[in-house]
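Notes follow the structure.
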Amino acid sequence: MGMSSWIMDLEDKYWDTVATIVSESETFQEAESSAKSLAKTEVPFLDVETISLGVAHLWNEFWSNYQ
């Protein structure tokens with residue numbers, strides 16, 4: 001497995017976990033905070049803007065199922 005495959009696998013696993021976090025969070029801010037904390041150890045190469053945008057996308061996708 002090359003380095004880029006390894007990084008992509010880390011990101012995929014991270015975003016899967018964030019999707020779960022979103023589904024269990026009471027507010028967007030809670031989900032975003034948890035995702036940022038997790039990123040520090042799981043995907044430290046992701047910047048905060050990427051994380052915020054990703055959480056927003058997952059949040060909107062999740063809650064669109066309930067509108």
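The values are calculated or read from the model by the stated rules, or taken from the named source; none is laboratory data. Bear in mind that the values here come from a model prediction, so they are computed numbers and not experimental data. When we count neighbours, we look across all protein chains shown, and the Cβ atoms used for this are built from the backbone with ideal geometry, even at glycine. The area values use the complete protein model at the heavy-atom level, side chains included, leaving out ligands, DNA and RNA. Shrake-Rupley method; radii C 1.70, N 1.55, O 1.52, S 1.80 Å.
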Net charge over other residues, Cβ less than 15 angstrom from the Cβ of Phe28 (K, R count +1; D, E count -1): -4
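Could you work out what % of the accessible surface of the chain is carbon and sulfur, using a 1.4 angstrom probe and leaving DNA, RNA and ligands out of the count?
Numbers: 2540 of 4680 Å².
Roughly 54 percent, rounded to a whole number.
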Filtered GluC sites (Glu not before Pro), segment 2-63: DSSP coil and at most 15 other beta carbons within 10 Å: Glu26
At a threshold of 8 angstrom on Cα-Cα distance, excluding pairs fewer than six apart, so keeping six or more, what relative contact order does the chain reach in percent? 36
Using only Cα atoms and rounding to the nearest 10 degrees, what angle (0 to 90) does helix 3-24 make with the longest principal axis of the chain? 20
Excluding the sites themselves, what is the longest stretch of the chain that contains no chymotrypsin sites (Phe, Trp or Tyr not before Pro) in a DSSP loop with at most 16 other C-beta atoms within 10 Å? 1-44
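Provide the gained length on full extension for the span Tyr66 to Glu24, in nm with one decimal, where the gain is 0.36 nm per separating residue minus the Cα-Cα distance. Intermediate values should be presented prior to the final figure.
Details: separation 42, 0.36 × 42 = 15.12 nm, distance 1.43 nm.
Fully extending the segment from Tyr66 to Glu24 adds 13.7 nm.
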What translational diffusion coefficient, to the nearest whole µm²/s, does segment 1-62 have by Stokes-Einstein, given a Kirkwood radius computed over alpha-carbon pairs, a temperature of 10 °C and 1.306 mPa s viscosity? 136
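Lys36 to Ser4: extension gain in nm, 0.36 nm per residue of separation minus the Cα-Cα distance? Intermediate values should be presented prior to the final figure.
Numbers: separation 32, 0.36 × 32 = 11.52 nm, distance 2.19 nm.
Length gained, Lys36 through Ser4: 9.3 nm.
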Between 0 and 90°, nearest 10: helix 28-42 axis offset from the chain longest Cα axis: 10
